[in-house]
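Structure record follows, encoded as structure tokens.
The values are calculated or read from the model by the stated rules, or taken from the named source; none is laboratory data. This is a predicted model, so every value here is computed, not measured. No Cβ is skipped: glycine too gets one built from the backbone with ideal geometry, and neighbour counts run over all protein chains shown.
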């Protein structure tokens with residue numbers, strides 16, 4: 001083993017400080033488990049996570065950053081990035097720096113960086129924002145278990161026509177998405193039942209693919225797989241939600257939280273002799289009597305109602321299926337799509 005001198009040790013601790021701040025700035029929540037942070041730092045320097053000497057240097061660096069009010073370590077074992085740490089400009093230690101081997105010099109180095117940042121803030125604010133965005137992008141793409149290539153773009157298939165942003169976010173939770181692109185025909189605007197989504201980070205993408213693939217959303221098993229953007233693709237899209245043709249056509253249409261847009265024309269194709277409707281965006285106080293009276297406004301007599309509930313908790317999902325006595329009544333009921341029921345615009349689509 002090569003023995004490091006005091007200057008080498010000081011340089012390593014300075015690099016640890018830079019890595020810690022960079023990773024914390026890239027964390028979407030601005031806090032992280034201490035052990036997870038340490039493993040990421042050691043991994044970024046290609047150091048074995050069980051290396052005792054490096055663990056000690058990491059601990060010293062953390063204490064220095066905490067002393068300088070850049071980080072805070074809670075009793076719950078979570079490291080939190082303070083406002084001063086968020087605004088800190090990360091600078092690589094110059095190769096010409098030959099001092100700074102002990103803890104006091106390490107702390108002085110961090111302080112000087114902060115003072116330098118404060119004096120240059122007016123001229124360099126745009127550069128800092130760009131650098132912070134790059135840091136976050138690097139962390140977002142970090143490979144993880146179940147996602148070794150660090151992919152955050154996913155393809156979703158077999159989606160129900162009544163799906164919208166709120167349904168999708170609830171279905172994917174606790175994983176979080178940041179962008180949705182509903183895939184529609186670029187000529188007719190008809191929803192194809194598929195979408196591309198961008199996840200918050202690689203960990204959330206892994207959760208979606210490994211835990212949600214094949215589960216049912218509004219009665220349909222959803223297909224989820226990794227879909228890295230092709231070279232030349234504009235991804236993620238400009239808006240958080242977009243509706244349009246494929247991402248390379250440039251024919252993106254108006255944004256909508258609902259895949260099928262609005263109006264009867266955006267409903268799925270009506271099955272022959274359809275007797276059943278899917279109903280969504282319902283008030284949690286809705287019941288059989290309320291829905292029966294609602295459709296009675298257009299002389300559509302309800303035969304049966306089936307409400308959908310979460311399998312684990314039993315909580316009402318805010319949607320269900322309504323069956324009518326004949327297809328004529330079903331068509332009349334469908335005409336109420338978008339009308340208010342108990343203060344909420346009801347979503348309606350054909351069902352088999």
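Of all residues in the stretch 221-241, how many are surrounded by fewer than 12 Cβ atoms within 10 Å (Cβ to Cβ) and outside any loop (DSSP other than H, G, I, E, B)?
Matching residues across the stretch 221-241 total 1.
Of the residues 293, 303, 311, 332, which single one is at pLDDT below 90 and assigned by TED's automatic domain parsing to the domain that holds residue 277? Write out each step before concluding.
On the way: 293 fails: at pLDDT below 90; 303 fails: at pLDDT below 90; 332 fails: at pLDDT below 90.
Just one listed residue meets the conditions, 311.
Being in contact with a helix residue (DSSP H, G or I) (Cβ under 6 Å, 6 or more places away or on another chain) and closer than 29 Å to residue 321 by Cα narrows it down to one residue among 172, 168; which is it?
Values: 168 fails: in contact with a helix residue (DSSP H, G or I) (Cβ under 6 Å, 6 or more places away or on another chain).
Checking each option against the conditions leaves just 172.
Any idea which of (1) in a loop (DSSP other than H, G, I, E, B); (2) surrounded by 13 or more Cβ atoms within 10 Å (Cβ to Cβ); (3) modelled with pLDDT of 90 or more is the one residue 270 doesn't satisfy?
It is condition (3) that residue 270 fails.
With the structure loaded, tell me whether residue 314 is without any contact (Cβ under 8 Å) to a residue 60 or more places away in the chain, under 30 Å from the mean Cα position of the chain (by Cα) and crowded, with 18+ Cβ neighbours inside 10 Å or whether it fails that test. Quick ask: steps written out before the conclusion?
Working: without any contact (Cβ under 8 Å) to a residue 60 or more places away in the chain: yes; under 30 Å from the mean Cα position of the chain (by Cα): yes; crowded, with 18+ Cβ neighbours inside 10 Å: no.
Judged against the criteria, residue 314 is not a match.
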